[in-house]
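Asker: The following block contains the structure, expressed as structure tokens.
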Amino acid sequence: MCSFRGERGTVEKPVRLREYGMFKNRCFKKLCMSDKLFSENPEIYDKFFDEKEYEGEAAFMTDAFEERNDTDGRNCLVLGCGTGRHSEHLADEGFEVTGIDKYEKMVETARSRAEGTFRQGTLPDLDLEADAYDLVLLPFNIVNYVEYDELEPTLELVADAIKPGGVLLFDSVPMPPETQSLHIQTVVEDDADHARIVQMQPGGQHQVRWESIVLSEDVESGFFVDNVDITVYDDDEIVTGLEDLGFTVEQRDSYGDATRPEEAITVFVAVKE
């Protein structure tokens, strides 16, 4: 008997790990690297993260901005806007939202959900107007999807885009334990069921690989592989990089009540001097 922990809670299910391993190896042999959950299936992505406290996180971001900013506007840049869940609530808070995401289908979904301007683009290769934004966000671990040697140019890009007195806010995840159990997320609906089997594996230096198989009745094949490399940064390294660019930095261990107790994150709140 194995314990699977997912967005819908903890589920006890009997699992033959050897059979799962054989199935996973066949899938991953065909598709070593794939990010289909993000690039092709934003509607399934939203189902798996429907219980995430986007509204609560957006409220935390708004409060942090209003307590610290020394600018006269509410122009907000969301880097890694995804399907627009944060952007939707930020627009409701009166921000003029610009959202950018690596995946065009994510951008299309964001456009249909939230008020704002949305476009496709990849960090750090973006053309951003200097001193244009009062608030810049990289929500939901976006910084961990940036390659290790691209962190510095990404922070430089952001620093140039924020107005003096503006606020930068983002979160980062720590290195997971070397030995990871299997986790499953399940979503049961009237018309379709979905499940995602996830395991973190060691990657290269500063990296882990998020390996998953998504089972869904909404895709023709019945499943797809979703593998993503995650870069893990030392918190002090991030703080030093921000301070070198003229930011004052605070660290938090949550988005307040919007973060579940079992979530391990560091939230960086930085003000451009």
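The values are calculated or read from the model by the stated rules, or taken from the named source; none is laboratory data. Small disclaimer: the values here were computed from a predicted structure and weren't measured. Virtual Cβ from ideal backbone geometry, glycine too; neighbours counted across all protein chains shown.
Asker: Any idea which of (1) buried (at least 16 other Cβ atoms within 10 Å of the Cβ); (2) touching a residue at least 40 places away in the same chain (Cβ under 8 Å) is the one Met175 doesn't satisfy?
Answerer: The one condition Met175 does not meet is (1).
Asker: Would region 221-242 turn up any residue that is over 28 Å from Ala159 (Cα atoms), small (Gly, Ala, Ser) and within 20 Å of the chain's Cα centre (by Cα)? Can you show your working first?
Answerer: Filtering region 221-242 down to residues over 28 Å from Ala159 (Cα atoms) leaves 221-227.
Keeping just the survivors that are small (Gly, Ala, Ser) gives 221-222.
Now drop any that are not within 20 Å of the chain's Cα centre (by Cα), which leaves none.
Within region 221-242, not a single residue is over 28 Å from Ala159 (Cα atoms), small (Gly, Ala, Ser) and within 20 Å of the chain's Cα centre (by Cα).
Asker: Follow-up question, since we're still on this one. Have a look at Leu90, Leu37, Leu77 and point out the one that is assigned to a helix (DSSP H, G or I), touching a residue at least 60 places away in the same chain (Cβ under 8 Å) and not charged (D, E, K, R). Spell out how you get there, then give the answer.
Answerer: Details: Leu90 fails: touching a residue at least 60 places away in the same chain (Cβ under 8 Å); Leu77 fails: assigned to a helix (DSSP H, G or I).
Criteria check complete, one pass: Leu37.
Asker: Then there is this: Name the residues in region 57-71 that are touching a residue at least 60 places away in the same chain (Cβ under 8 Å) and either of a type outside the set (Ser, Thr, Tyr) or outside the structural domain of Ile265 (by TED's automatic domain parsing) (or both), would you?
Answerer: Passing the criteria: Glu57, Ala59, Phe60, Met61, Ala64, Phe65, Arg68, Asn69, Asp70.
Asker: To continue, here is another question. Quick one: which strands (runs of 3 or more DSSP E) lie wholly within region 101-188 and hold at least 1 residues that are within 28 Å of Asp72 (Cα to Cα)?
Answerer: Values: elements: 117-120, 133-138, 162-172, 183-188.
Output list reads 117-120, 133-138, 162-172.
Asker: If you don't mind, there's one more thing I want to ask. Would a scan of region 100-115 turn up a residue that is of a type in the set (A, V, I, L, M, F, W, C), assigned by TED's automatic domain parsing to the domain that holds Ile265, closer than 26 Å to Arg68 by Cα and within 17 Å of the chain's Cα centre (by Cα)?
Answerer: Going through region 100-115, the residues of a type in the set (A, V, I, L, M, F, W, C) turn out to be 100, 106-107, 110, 114.
Adding the requirement that they be assigned by TED's automatic domain parsing to the domain that holds Ile265 leaves 100, 106-107, 110, 114.
Still in the list and also closer than 26 Å to Arg68 by Cα: 100, 114.
Of the ones still in play, those that are also within 17 Å of the chain's Cα centre (by Cα) are 100.
Checked region 100-115: at least one residue is of a type in the set (A, V, I, L, M, F, W, C), assigned by TED's automatic domain parsing to the domain that holds Ile265, closer than 26 Å to Arg68 by Cα and within 17 Å of the chain's Cα centre (by Cα).
Asker: Still on this structure, I have one more. Looking at Ser181 and the list (1) among the small types (Gly, Ala, Ser); (2) assigned by TED's automatic domain parsing to the domain that holds Arg252; (3) over 19 Å from Glu250 (Cβ atoms), which single condition is not satisfied?
Answerer: The failed condition is (2).
Asker: Just one of the numbered conditions (1) at pLDDT 95 or above; (2) in contact with a Lys or Arg (Cβ under 9 Å, 6 or more places away or on another chain) is not true of Val78; which one?
Answerer: If we test Val78 against (1) at pLDDT 95 or above; (2) in contact with a Lys or Arg (Cβ under 9 Å, 6 or more places away or on another chain), just (2) comes out false.
Asker: Also: Being buried (at least 16 other Cβ atoms within 10 Å of the Cβ) and part of a helix (DSSP H, G or I) is the filter here; which residues of region 215-242 pass it?
Answerer: Ile238, Val239, Gly241, Leu242
Asker: Restricting attention to region 250-273, report how many residues are over 17 Å from the mean Cα position of the chain (by Cα) and either in a helix (DSSP H, G or I) or buried (at least 17 other Cβ atoms within 10 Å of the Cβ) (or both).
Answerer: Residues in region 250-273 being over 17 Å from the mean Cα position of the chain (by Cα) and either in a helix (DSSP H, G or I) or buried (at least 17 other Cβ atoms within 10 Å of the Cβ) (or both): 5 in total.
Asker: Here's a follow-up. Suppose we filter region 48-61 for residues that are surrounded by fewer than 20 Cβ atoms within 10 Å (Cβ to Cβ), assigned to a helix (DSSP H, G or I) and of a type outside the set (Gly, Ala, Ser); how many remain?
Answerer: Here is the first cut: in region 48-61, the ones surrounded by fewer than 20 Cβ atoms within 10 Å (Cβ to Cβ) are 49-53, 55-56, 59.
Pick out the ones that are also assigned to a helix (DSSP H, G or I) and you get 55-56, 59.
Narrowing the set further to residues that are of a type outside the set (Gly, Ala, Ser) leaves 55.
Selection size over region 48-61: 1.
Results for (1) over 23 Å from Asp235 (Cβ atoms); (2) at pLDDT below 95, shown as yes or no for each residue.
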| residue | (1), (2) |
| --- | --- |
| Arg113 | yes, no |
| Thr117 | yes, no |
| Glu152 | no, no |
| Val158 | no, no |
| Leu169 | no, no |
| Pro176 | no, yes |
